[in-house]
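Okay, structure first, notes after.
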Amino acid sequence: MTQHFFLFGGLQTQERLTWIEETLKFFFVKLNPENLLHHTQTRDPVFTFLLTGDALYSLQSPETVPLWEIILSMPSVKVVCDLHELEARGISAERLKMKNPDQVIDRNSLALNGKPSFWRDVMKYARQHEQPVPSTVAYLQLESPYMHQSAQSALLFLNAGIEAHASVDLYAYLDGIHMGHSMQNPSDRENIGNGLEEISEKAQKKGLSCQMIACGHCAAARGYSTWDDGQGTVVSTCTIKPFRIRSLRELVDQFRRNHTILAKDSGFIHHRKEETAPSFALTENGKKPPITIFITRHPYGTEVASGAISFAVACAHEGISTRAIFIEDGVYALMGDHKPGNPDSFNLQEVVNAVAGSRNLQFFAFLPSMTKRGIQKNRKLNAIIDIGIPELVQLLFYSPTGISANHQRIFFF
């Protein structure tokens, strides 16, 4: 089975596919040249890209198709498309498929209902590594329902997990907590709240575990009321029954376990036990999978960048080796000297400097993204390490020293 895979549901830009292509090229040529000698027909691919939603547009855009052609010229790479979403958008992958018929897959496995299911294919990859039986799969949701298709993807993922007889978890963070709001009543699409309740019921009938945990900090900011029953149990007064509002620490505590956790844009990097990091080593021991967070959005205007940093800090506090990489538009957080005019506004640069020395947490700046934008890093941010493609490859494909987990989790914020 594939060693490494990525699930992409958001728009994939030319910049992102460029650094992915350069990273894979470095990986194959410098670290694993033996893989270039084997065709994908004779062995399992080393990398698989699972594409759904807006990510599928990259298969047709004239800016990104040439990059996919380069990526697919590496024989150990495969692309699996969501057939339903291809057809819904009128997108064709024929140009790439004609050149790479064994590497571009635009047909999906059949679900129990006899219909093609991209998410059944996703589940094959999500359950590939060693876990107790029945295994657990989880989804980290950052966006609100109805406005964003990722909420529907979360339902499809969790349903596919139950169909594959896996226990399922949903972790709701930032606007993702709105998935569990009570009294949802859309008139023209599937009711996400009802869908989650049905998933909980299906899991119970099959004897499977099902957890739905929402970040209490995000919930409080958005007006979700809770009360303590006097025995230490926090009860929400405005969420569906399966939803549980808990502290961010309790939510992140789930990430200490070894199960596969995916998100709208995420990845799973397999680590062989003999691999150790030649640099940027972390000292925390244990089997907790390390996490790499790509901060790709502007620092202000949305809560995404600050939420990513808060999430990284929480993971590190729970003993999880965590790396946060400012990349793409995320590097705007590092330029200039930020001086918010509103005294109640946070200064993201001050936040980074305050937490940069935390145990298990490291920050990096991807220099090619800064060069592309013609900006330089604020000299005061000396705790943020500058990296290029070689260092990025090391961070992704070598397990930190002292970490024995068999995989690394990748999340794009």
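The values are calculated or read from the model by the stated rules, or taken from the named source; none is laboratory data. Since we're looking at a predicted model, the values are computed, not measured. Positions of Cβ are backbone-derived with ideal geometry, glycine not excepted, and every protein chain shown enters the neighbour counts.
Here are the numbers:
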| read-out | value |
| --- | --- |
| Matching residues in the stretch 78-103 - criterion: being over 18 Å from Gly10 (Cβ atoms), touching a residue at least 40 places away in the same chain (Cβ under 8 Å) and touching a Leu at 6+ places or on another chain (Cβ under 7 Å) | Gln103 |
| Top-ranked residue in the stretch 368-380 [being touching a strand residue (DSSP E or B) at 6+ places or on another chain (Cβ under 8 Å) and surrounded by 17 or more Cβ atoms within 10 Å (Cβ to Cβ); ranked as farthest from Ile269 (Cα to Cα)] | Asn378 |
| Sole residue being in contact with a helix residue (DSSP H, G or I) (Cβ under 6 Å, 6 or more places away or on another chain) and assigned by TED's automatic domain parsing to the domain that holds Thr292, chosen from Phe413, Phe364 | Phe413 |
| Among the residues listed as Gln141, Gln103, the single one being in contact with a helix residue (DSSP H, G or I) (Cβ under 8 Å, 6 or more places away or on another chain), more than 24 Å from His259 (Cα to Cα) and either among the polar types (S, T, N, Q) or not assigned by TED's automatic domain parsing to the domain that holds Leu51 (or both) | Gln103 |
| Candidate set from the stretch 164-189 (those that are at pLDDT below 95 and among the charged types (D, E, K, R)); member that is surrounded by the most Cβ atoms within 10 Å (Cβ to Cβ) | Arg189 |
| Strands (runs of 3 or more DSSP E) contained in the stretch 311-401 and holding at least 2 residues within 28 Å of Ala172 (Cα to Cα) and either out of contact with any Asp or Glu (no Cβ under 6 Å at 6 or more places or on another chain) or touching a residue at least 24 places away in the same chain (Cβ under 8 Å) (or both) | 322-326, 361-366 |
| Boolean, Glu201 is charged (D, E, K, R) and modelled with pLDDT under 95 | no |
| Number of positions in the stretch 69-117 that are assigned to a helix (DSSP H, G or I) and either touching an Asp or Glu at 6+ places or on another chain (Cβ under 7 Å) or over 24 Å from Gln149 (Cα atoms) (or both) | 12 |
| Matching residues in the stretch 192-208 - criterion: being part of a loop (DSSP other than H, G, I, E, B) and surrounded by 16 or more Cβ atoms within 10 Å (Cβ to Cβ) | Leu208 |
| From Arg257, Arg272, residue being surrounded by fewer than 18 Cβ atoms within 10 Å (Cβ to Cβ), farther than 28 Å from Thr302 by Cα, at pLDDT below 95 and in contact with a strand residue (DSSP E or B) (Cβ under 8 Å, 6 or more places away or on another chain) | Arg257 |
| Scope the stretch 64-110; condition hydrophobic (A, V, I, L, M, F, W, C), surrounded by 15 or more Cβ atoms within 10 Å (Cβ to Cβ) and within 24 Å of Phe157 (Cα to Cα); matching residues | Val77, Val79, Val80, Cys81, Leu83, Leu86, Ile91, Ala93, Val104, Ile105 |
| Test result for Ala55, surrounded by 21 or more Cβ atoms within 10 Å (Cβ to Cβ) and either modelled with pLDDT of 95 or more or within 23 Å of Ile389 (Cα to Cα) (or both) | yes |
| Boolean, Gln349 is among the polar types (S, T, N, Q) and in contact with a strand residue (DSSP E or B) (Cβ under 8 Å, 6 or more places away or on another chain) | no |
| Any chance Gly307 is within 26 Å of Lys264 (Cα to Cα), part of a helix (DSSP H, G or I) and in contact with a Cys (Cβ under 9 Å, 6 or more places away or on another chain) | yes |
| Cross-chain or 6+ apart pairs with Cβ under 8 Å, the stretch 209-224 first and in a helix (DSSP H, G or I) and surrounded by fewer than 21 Cβ atoms within 10 Å (Cβ to Cβ), then at pLDDT below 95 and of a type in the set (Gly, Ala, Ser) | His217/Ser247 |
| Condition met for His148 (in a helix (DSSP H, G or I) and not polar (S, T, N, Q)) | no |
